[in-house]
Structures are given as C-alpha cells and as structure tokens.
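Engineer: Sharing a structure, written as structure tokens. Questions coming.
The values are calculated or read from the model by the stated rules, or taken from the named source; none is laboratory data. Computed from a prediction, not measured in an experiment: that's the story for all the values here. These accessible areas exclude ligands, DNA and RNA; they are computed on the full protein's heavy atoms, side chains included. Shrake-Rupley method; radii C 1.70, N 1.55, O 1.52, S 1.80 Å.
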Amino acid sequence: MPSSCKEIRAALAECLQESECVMVQRHTAAECLRSPLSETLPTKCQQLKKGFGECRRGMIDMRKRFRGNQPITFKSLEATEQSGEGYQLYAGRSAFAGGVRKTDGNEPEPPDWREVENEKYRKEQEEQKR
C-alpha cells in the first residue's frame with residue numbers, strides 16, 4: 001500500500017483494537033467495520049474509517065493524478081486536537097496556526113521601502129564626496 005494512507009490505516013487499526021466491539025464483544029476488526037456493528041464504534045473510529053476510505057479513493061482519483069494523494073498526518077491532527085489549534089489544512093500546513101499577530105494598535109508604522117532606499121542612496125552619495 002502506498003505510504004499516503006499508511007499512517008491513517010495504523011491509527012484506524014489501533015482504534016479498532018481498543019474499541020468495545022473488539023475488546024468486550026470479541027468480534028474481529030473486519031466484522032466491526034461492517035454495517036450492523038460499525039454504528040457501535042466510537043466517533044473517533046468512525047471518523048478514521050471515513051478518512052481511510054477517502055484516502056483510498058483518492059489514490060485512484062484521476063483529478064489527483066499529477067499531485068498525488070495528499071497524506072493525512074494523523075499524529076499532527078491528534079496533537080492539534082489536544083492543543084486546541086485548528087487543523088484545517090491549507091497547502092499542507094495548518095490554516096490557522098501561527099499566521100496572525102496580536103496587535104494593540106499602537107505599533108509604529110513600518111518605513112516605506114522607497115524612503116529606506118533613498119536613505120541608502122544619500123549615504124552612498126555622501127561617502128563618495130568624501
């Protein structure tokens with residue numbers, strides 16, 4: 001299996017092994033993924049099952065044939081879930097993490113780049129005169 005779905009597959013297998021369907025009711029993981037028992041799985045396992053299905057479907061999706069199937073990093077999603085940051089992916093990075101600076105409105109206005117270049121030019125002219 002390609003590496004793009006390997007991590008979410010491992011997370012789904014781990015979730016199934018820890019679920020009540022496997023531990024208490026003694027069903028196999030394959031039985032727990034089928035229709036009558038899949039509704040009894042925890043929400044996390046159901047979400048992983050859906051994500052794994054979408055990942056597998058993305059491997060044969062012709063719209064993604066050039067860029068490839070985007071890997072879902074479950075460990076980073078789990079870490080952001082615990083930290084409280086949003087994990088909506090934008091270009092492979094979180095869309096909301098670290099992009100916004102907090103301001104109070106009293107920050108000095110940055111100098112215009114043209115003024116900075118003019119100052120450099122004036123200093124160079126003065127040095128050439130000496």
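Engineer: So what does K123 come to for accessible area, using a 1.4 Å probe and Å² rounded to 10?
Structural biologist: 130
Engineer: Straight-line reach from K50: which aspartates and glutamates fall under 12 Å, measuring Cα to Cα and dropping same-chain residues less than 8 apart?
Structural biologist: none
Engineer: A10 to W113: extension gain in nm, 0.36 nm per residue of separation minus the Cα-Cα distance?
Structural biologist: Additional length available on full extension: 31.9 nm.
Engineer: Counting only protein chains, not ligands or nucleic acids, how are V116, V24 ordered by accessible area (probe 1.4 Å), most first?
Structural biologist: The ranking, largest first, comes out as V24, V116.
Engineer: In angstroms, what radius of gyration and Dmax does segment 1-60 have, counting Cα atoms only?
Structural biologist: Every Cα atom of segment 1-60 included, Rg and Dmax give 11.5, 36 Å.
Engineer: Excluding ligands and nucleic acids, what accessible area in Å² is computed for T103 using a 1.4 Å probe, to the nearest 10?
Structural biologist: 100
Engineer: Taking a probe of 1.4 angstrom, what is the accessible area of D112 in Å², to the nearest 10?
Structural biologist: Only protein atoms counted, so the area is about 60 Å².
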